[in-house]
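Working notes, structure below.
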Amino acid sequence: MKRLTIGFALGGGGARGAAHIGVLKVLHKNGIVPNVIGGTSAGAIIGAMYAATKDPEWIDDRFRKFLDSEEYKSMGIERLEAGQPESVIGQITKFVQDRLVIAMALTRASIIKKSRLTKALAYLIPAETFEELQIPLMVFATDLHTGETINYESGDLIDAVVQSGSIPGFVEPTSEGEKLIVDAGVSAPLPVDHVQAKSDFTIGVDISQGYPKRKMKKINIIEIIIRAERITSQYYIDMLADQADFLIKPDVLGLNWSAFDKYDELLQNGINEAERKINELKKALKYRSSLRYRLLHLSSK
């Protein structure tokens, strides 16, 4: 009898990827190891680290070291989490800064160069090519010109993950022939359908923000656009999540992708949710591996 093949579909979410590590710790401890992994953005990073090592504890340790490294500091991410100034002088300063950002946005394609992300990922991922990995991996990115989802499965691993994690407007996009390549969160935020094509049972791990839970504090053009985009994106992610054979959705506290200071909370929430669902998952896997399911599945064709 053919053995059930398991696929992990790891969604994007920047700092919320810490929850992926927590989930992987629990699944690995319970002997649930994938035959294939598909990752988007943060999911591609954590997926590559796991596919290279098959060791979630190593991933946790390496990520903690990364957050104290010069490679992380050079990204300038902590500046995005700065609080709003309360003094009059601070507000005036921010007023000027906001207008400088708008001016910059009209002349530049990103805030940081792609090379900084490349250095960061080379620090995190202990492999340079897909061929070095212990588990087959699919890394996804998006061509902004056509909207096409690009799937990388061989060759330069670091460059593929860089493209998958090139957050539009923050990280410099990749120009490759007629393509302009950015984060796969644009077209494949949770790559369940791609993983299903290569596995019998797909476990989706959704680390999306979720729908806004509070009323808007400020009603202006920027806030309206941001909120509308978030709702549209979440609606699409939920549609993809519904396609998974089994879904794990940790509480990511509605945090922004840049909230790396919440690493410990996100990691623990990933552990908590995976532990809460582990028995249900084991039952689902047992049933899908059973002769009864296979006979019913064959008779329905």
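Please give the contour-minus-distance gain from residue 283 to residue 144: 0.36 nm per residue of separation, less the Cα-Cα distance, rounded to one decimal in nm.
Details: separation 139, 0.36 × 139 = 50.04 nm, distance 4.10 nm.
Separation in residues times 0.36 nm, less the Cα-Cα distance, equals 45.9 nm.
Order 58, 257 by their accessible area, 1.4 angstrom probe, all chains in place, largest first.
Values: 58 80, 257 60 Å².
In descending accessible area the options line up as 58, 257.
For the pair residue 293/residue 253, report the inter-label distance in nm, with labels modelled 7 Å from Cα in the Cβ direction.
In this crude spin-label approximation the distance works out to 3.5 nm.
Based on the Kirkwood radius over alpha-carbon pairs, what value in µm²/s does the Stokes-Einstein equation return for the translational diffusion coefficient of the range 103-209 at 37 °C and 0.692 mPa s?
Working: Rh = 14.8 Å.
Answer, rounded: 222 µm²/s.
According to the square roots a ≥ b ≥ c of the eigenvalues of the Cα gyration tensor, what is the shape class of the chain, taking rounded for a/c under 1.5, prolate for a/b larger than b/c otherwise, and oblate for the remainder?
On the way: a/c = 1.78, a/b = 1.63, b/c = 1.09.
Verdict is prolate for the chain.
Per the 1.4 Å probe, what fraction of the accessible area of the chain, in percent, lies on carbon and sulfur atoms? Mind dumping the intermediate values first?
Values: 8720 of 15980 Å².
On the chain, the fraction of accessible area on carbon and sulfur atoms equals 55 percent.
Give me the number: length gained by fully extending residue 221 to residue 54, i.e. 0.36 nm times residue separation minus the C-alpha to C-alpha distance, one decimal in nm. Walk me through the numbers before you get to the answer.
On the way: separation 167, 0.36 × 167 = 60.12 nm, distance 4.58 nm.
Working it through step by step, the gained length comes to 55.5 nm.
Quote the Stokes-Einstein diffusion coefficient, in whole µm² s⁻¹, for the range 123-173, based on the Kirkwood radius over alpha carbon pairs, a temperature of 25 °C and a viscosity of 0.890 mPa s. Walk me through the numbers on the way to the answer.
On the way: Rh = 11.7 Å.
Calculated translational D: 210 µm²/s.
Can you classify the range 252-301 as rounded, prolate or oblate using the Cα gyration tensor, where a ≥ b ≥ c are the square roots of its eigenvalues, rounded means a/c under 1.5, and otherwise it's prolate if a/b beats b/c and oblate if not?
Working: a/c = 6.15, a/b = 2.95, b/c = 2.09.
Since a/c reaches 1.5 and a/b is larger than b/c, the shape of the range 252-301 is classed as prolate.
Which sequence of 20, 145, 194 reflects their accessible areas, 1.4 Å probe, from the largest down?
Details: 20 0, 145 125, 194 60 Å².
My answer, sorted largest first, is 145, 194, 20.
Sorted by accessible area (1.4 Å probe), largest first, how do 285, 157 line up?
Working: 285 20, 157 0 Å².
Result of the area sort, largest leading: 285, 157.
Among all the lysines, which ones have a C-alpha under 27 Å from residue 119's C-alpha, if same-chain residues fewer than 8 places away are not counted?
25, 54, 65, 73, 179, 262
With every protein chain present, what is the per residue accessible area of the chain (1.4 Å probe, Å²)?
Details: 15980 Å² over 301 residues.
That works out to 53 Å² per residue.
Name the lysines eligible as straight-distance cross-link partners of residue 218: C-alpha to C-alpha under 17 Å, and not fewer than 8 places from it in the same chain.
Qualifying lysines at Cα under 17 Å: 94.
Can you give the accessible area of residue 216, probe radius 1.4 Å, in Å² rounded to 10?
Taking all protein chains as shown, residue 216 has close to 60 Å².
The values are calculated or read from the model by the stated rules, or taken from the named source; none is laboratory data. No experiment lies behind these values; they were computed from the predicted model shown. Don't worry about glycine lacking a Cβ; one is built from the backbone with ideal geometry, like all the others, and counts go over all protein chains shown. Note: areas computed on protein heavy atoms with side chains; ligands, DNA, RNA excluded. Shrake-Rupley method; radii C 1.70, N 1.55, O 1.52, S 1.80 Å.
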